[in-house]
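The values are calculated or read from the model by the stated rules, or taken from the named source; none is laboratory data. Here the structure is a predicted model, which is why all the values come from computation and not from measurement. Positions of Cβ are backbone-derived with ideal geometry, glycine not excepted, and every protein chain shown enters the neighbour counts.
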Amino acid sequence: MPKLLIGLGLALVILTVYTLVDCAVFDRKRIRGLPRWVWIFVIVLVPLIGPLLWLLVGHGRAAPTTRSYRSVAPDDDLDFLRSLRGDGSVKSGSGENRPFNEKDQQERIRRMEQDLADLDKNDPTPGEATKKKKNEPGEGEQPGRRDA
């Protein structure tokens, strides 16, 4: 019988400590019934009933689920779709509406083609790259190498 009483007393202490810590760190907006400091007094001063009351009454329900942020494709993003106009205009970076212009698109394509042509001029021809580089020991494919 004494072992049972010691076990129940230990369980009561654990329950009291758990509910006390839970009450102390619980979100203030979700505490129901009484202010936090009153709940702490009830838990400490009324053994067994105080912690049970906290768990049944004071401990509020789970917070309502908030909508989590997720990445949205442009055609699913309502703000993006609202920014588009039915008359073919789009919002510019400065926030003003400007009409979509085929001339702008042609100019952009021309600049991109010019950039590509400039990149091609800077690249050496395939044969030129091998002529300039002299194979030094340990580099390139050489007969007798194990890793080749």
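Quick check, is PRO51 in a loop (DSSP other than H, G, I, E, B) and modelled with pLDDT of 85 or more? Can you show your working first?
Working: in a loop (DSSP other than H, G, I, E, B): no; modelled with pLDDT of 85 or more: yes.
No; evaluated as a whole, the condition is false for this residue.
When residues of segment 1-22 are filtered for being part of a helix (DSSP H, G or I) and either loosely packed, with under 13 Cβ neighbours inside 10 Å or among the aromatic types (Phe, Trp, Tyr) (or both), how many remain?
Looking only at that region, the number is 15.
Out of the residues in segment 54-82 that are outside any loop (DSSP other than H, G, I, E, B) and surrounded by 13 or more Cβ atoms within 10 Å (Cβ to Cβ), state the one that is modelled with the lowest pLDDT.
It comes out as PHE80.
Which residues, taken from segment 25-34, are surrounded by 11 or more Cβ atoms within 10 Å (Cβ to Cβ) and out of contact with any helix residue (DSSP H, G or I) (no Cβ under 8 Å at 6 or more places or on another chain)?
Matches in segment 25-34: ARG30 only.
For PHE41, state whether it is touching a Gly at 6+ places or on another chain (Cβ under 8 Å), free of Cβ contacts under 8 Å to residues at least 40 places away in the same chain and surrounded by 11 or more Cβ atoms within 10 Å (Cβ to Cβ).
Working: touching a Gly at 6+ places or on another chain (Cβ under 8 Å): no; free of Cβ contacts under 8 Å to residues at least 40 places away in the same chain: yes; surrounded by 11 or more Cβ atoms within 10 Å (Cβ to Cβ): yes.
Against the criterion (touching a Gly at 6+ places or on another chain (Cβ under 8 Å), free of Cβ contacts under 8 Å to residues at least 40 places away in the same chain and surrounded by 11 or more Cβ atoms within 10 Å (Cβ to Cβ)), PHE41 does not qualify.
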